[in-house]
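Scroll down for the structure; my scribbles are underneath it.
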């Protein structure tokens with residue numbers, strides 16, 4: 001049986017061929033495909049008809065490199081499968097694409113070395129902006145990107161001053177409010193369920209809650225049973241609830257941790273929520289509102305954050321402040337006594 005011949009690669013159509021078919025100049029073709037450029041309606045119609053007939057498409061990347069703006073925005077993300085990360089990426093990409101940006105998502109799989117490699121990769125693509133949704137790249141590398149003309153936006157990282165834009169949520173204020181809510185509900189033994197991830201936002205919530213409890217004269221137990229997720233929350237429940245001094249008020253630094261903790265508390269330890277145990281999460285992921293959980297939590301303003309990211313990227317010379325902090329909103333449900 002004869003082998004089929006591979007299909008020959010079709011040569012790309014140049015702007016010069018479009019100009020020749022349309023009977024116009026090469027510059028008229030360029031102006032037709034440049035937003036805001038001056039070109040008559042008649043010429044535009046000729047060029048578009050010729051481009052359609054020949055199958056011509058503008059090479060936006062090449063054009064952007066000529067003008068030193070690639071139009072590429074890179075999102076560096078870890079744990080893309082988590083509901084909060086997925087929701088933020090979806091909202092940000094939708095808004096950036098609406099502004100004509102080409103969005104590249106670089107998945108770092110949660111490894112610090114991968115975050116650094118991804119940020120270096122954005123330089124190779126000449127990205128005009130990079131949004132670090134998760135992870136903590138070295139400050140020296142961030143400065144290198146800025147020196148190469150990139151706009152760098154760090155999400156939920158407030159340990160950097162000067163250079164990049166930092167978009168944050170009021171983690172400390174929310175954690176302090178969570179402590180107050182549990183104390184007001186009559187809780188006497190507090191705990192905070194954190195994780196081994198060690199990200200700035202996780203650490204900020206954990207530290208602020210423990211400090212608020214200490215300021216009120218209460219000892220706060222801390223559990224970090226594993227990576228940020230449902231399983232770690234479940235394991236934390238088994239650790240904290242097994243002893244005689246089990247907590248009656250728990251703040252979980254993410255909703256996924258809270259859902260795992262809640263299931264184990266109810267199913268394995270037969271605890272009544274909120275009568276015997278009050279529980280608060282953070283993020284307000286969709287599952288937090290399901291009838292089986294009805295979790296009291298804090299909502300991160302994803303839409304407002306995405307709008308701000310798009311504004312920072314779109315502005316030629318951003319007049320926005322280098323740091324912007326959004327408040328987290330309390331969402332009252334049924335895991336805390338009124």
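Of note:
- Extension reserve of the residue 272-residue 290 stretch, reckoned as 0.36 nm per residue once the Cα distance is removed: 4.7 nm
- In the chain, Cα pairs under 8 Å separated by at least six residues give a relative contact order of 13 percent.
- Translational diffusion coefficient (Stokes-Einstein; Kirkwood radius from C-alpha pairs) of the chain at 10 °C, 1.306 mPa s, in µm²/s: 69
- Residue 180-residue 125 FRET efficiency (beta carbon distance; Förster radius 51 Å; 0.05 resolution): 0.65
- Each of 180, 33 was scored by other Cβ atoms within 10 Å of its Cβ. Arranged with the fewest first, they read 180, 33.
- Between 0 and 90°, nearest 10: helix 255-267 axis offset from the chain longest Cα axis: 40
- Whether the stretch 171-300 is rounded, prolate or oblate, judged on the alpha carbon gyration tensor where a/c under 1.5 counts as rounded: rounded
- In terms of surrounding Cβ atoms within a 10 Å radius of their Cβ, 144, 335, 297 rank from fewest to most as 144, 335, 297.
- Seen through its C-alpha gyration tensor, with square-root eigenvalues sorted a ≥ b ≥ c, the stretch 205-270 comes out oblate because a/c lies at 1.5 or above while a/b is not bigger than b/c.
- Distance from the stretch 163-241 to the stretch 80-115 (C-alpha centre basis), Å: 26
- Highest mean first, the peptides 232-240, 213-221 sorted by other C-beta atoms within 10 Å per residue fall in the order 232-240, 213-221.
- For the stretch 171-300, relative contact order (Cα pairs under 8 Å, six or more residues apart, normalised by length) works out to 24 percent.
- Seen against the Cα atoms of the chain and their longest principal axis, helix 302-314 is set at about 30 degrees.
- Fewest-first ordering of 298, 251 by other beta carbons within 10 Å of each residue's beta carbon gives 298, 251.
- Helix 200-215 and the longest principal axis of the C-alpha atoms of the chain enclose an angle of approximately 20°.
Taken together, the values in this text are just the output of simple stated rules run on the coordinates, not laboratory data. Predicted, not measured: the structure shown is a model, and the values here were computed from it. Ideal geometry is used to build each Cβ from the backbone, glycine not excepted, and the neighbour counts take in all protein chains shown.
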